[in-house]
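Below: one structure, written as structure tokens.
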Amino acid sequence: MQMEVINKEKYSILNDTESNVEEFLLNIENQYNTFENLNLIIDLSHDKSISISSINIFKNLVKKHKKNKKSLVFVAENIDFNKVPTQLNVVPTVIEAIDIIELEEIERDLGF
């Protein structure tokens, strides 16, 4: 399975190139030690069949990442954002994901 990784100064973007969410999650988990100290954007926007239930399989990864005091934001289109569980950050664009990471960094710096 292929995964595209784009590294930036304050975050990395992980793109699922195969549109198989389960395999993508396994791939991330297998390489997690590479990403554990990075803010992550998981870009699922190219997968038009993505659903809230398929994003929910990432919940344990989200918990683990929050314990490391890092942000994890999902980019997905065509879902009802009002039905997304509160512990998941899901936005429609990468720009909005970057904004969330910046806000969470400020909150952590302020001790929240």
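Restricting attention to segment 77-109, report how many residues are farther than 19 Å from Leu14 by Cα, at pLDDT 95 or above and among the hydroxyl-bearing types (Ser, Thr, Tyr).
Of the residues in that region, 0 qualify.
Hey, any hits in segment 14-32 for a residue that's touching a helix residue (DSSP H, G or I) at 6+ places or on another chain (Cβ under 6 Å), modelled with pLDDT of 95 or more and not in a helix (DSSP H, G or I)?
No, there is no match, as no residue in segment 14-32 is touching a helix residue (DSSP H, G or I) at 6+ places or on another chain (Cβ under 6 Å), modelled with pLDDT of 95 or more and not in a helix (DSSP H, G or I).
Give segment 77-95 a look and list any residue that's farther than 24 Å from Gly111 by Cα, β-branched (Val, Ile, Thr) and exposed (fewer than 14 other Cβ atoms within 10 Å of the Cβ), or say none.
Within segment 77-95, Thr93, Ile95 qualify.
Restrict the check to segment 56-72 and report whether at least one residue is in contact with a strand residue (DSSP E or B) (Cβ under 7 Å, 6 or more places away or on another chain) and more than 20 Å from Ile100 (Cβ to Cβ).
no
Tell me whether segment 40-47 contains one or more residues that are touching a Lys or Arg at 6+ places or on another chain (Cβ under 6 Å) and either in contact (Cβ under 8 Å) with a residue 60 or more places away in the chain or not in a loop (DSSP other than H, G, I, E, B) (or both).
No, there is no match, as no residue in segment 40-47 is touching a Lys or Arg at 6+ places or on another chain (Cβ under 6 Å) and either in contact (Cβ under 8 Å) with a residue 60 or more places away in the chain or not in a loop (DSSP other than H, G, I, E, B) (or both).
Confirm whether Ser19 is polar (S, T, N, Q), touching a residue at least 40 places away in the same chain (Cβ under 8 Å), surrounded by 13 or more Cβ atoms within 10 Å (Cβ to Cβ) and in contact with an Asp or Glu (Cβ under 7 Å, 6 or more places away or on another chain).
For Ser19, the condition - polar (S, T, N, Q), touching a residue at least 40 places away in the same chain (Cβ under 8 Å), surrounded by 13 or more Cβ atoms within 10 Å (Cβ to Cβ) and in contact with an Asp or Glu (Cβ under 7 Å, 6 or more places away or on another chain) - is not met.
Give the residue that is farthest from the chain's Cα centre (by Cα), with candidates limited to residues of segment 57-76 that are surrounded by 14 or more Cβ atoms within 10 Å (Cβ to Cβ) and farther than 16 Å from Tyr11 by Cβ.
Among those residues, the one meeting the criterion is Lys64.
From the list Ile79, Ile55, which residue is more than 21 Å from Asn7 (Cα to Cα) and in contact with a Phe, Trp or Tyr (Cβ under 7 Å, 6 or more places away or on another chain)?
Exactly one of Ile79, Ile55 is more than 21 Å from Asn7 (Cα to Cα) and in contact with a Phe, Trp or Tyr (Cβ under 7 Å, 6 or more places away or on another chain), namely Ile55.
Considering each residue of segment 68-110, count those that are outside any loop (DSSP other than H, G, I, E, B) and either touching a residue at least 24 places away in the same chain (Cβ under 8 Å) or not hydrophobic (A, V, I, L, M, F, W, C) (or both), and give that number.
The number of residues fulfilling the criteria is 21.
The values are calculated or read from the model by the stated rules, or taken from the named source; none is laboratory data. Only a predicted model underlies this, so the values are computations on that prediction, with no experimental measurement involved. Positions of Cβ are generated from backbone atoms using ideal geometry, with glycine treated the same way; all protein chains shown enter the neighbour counts.
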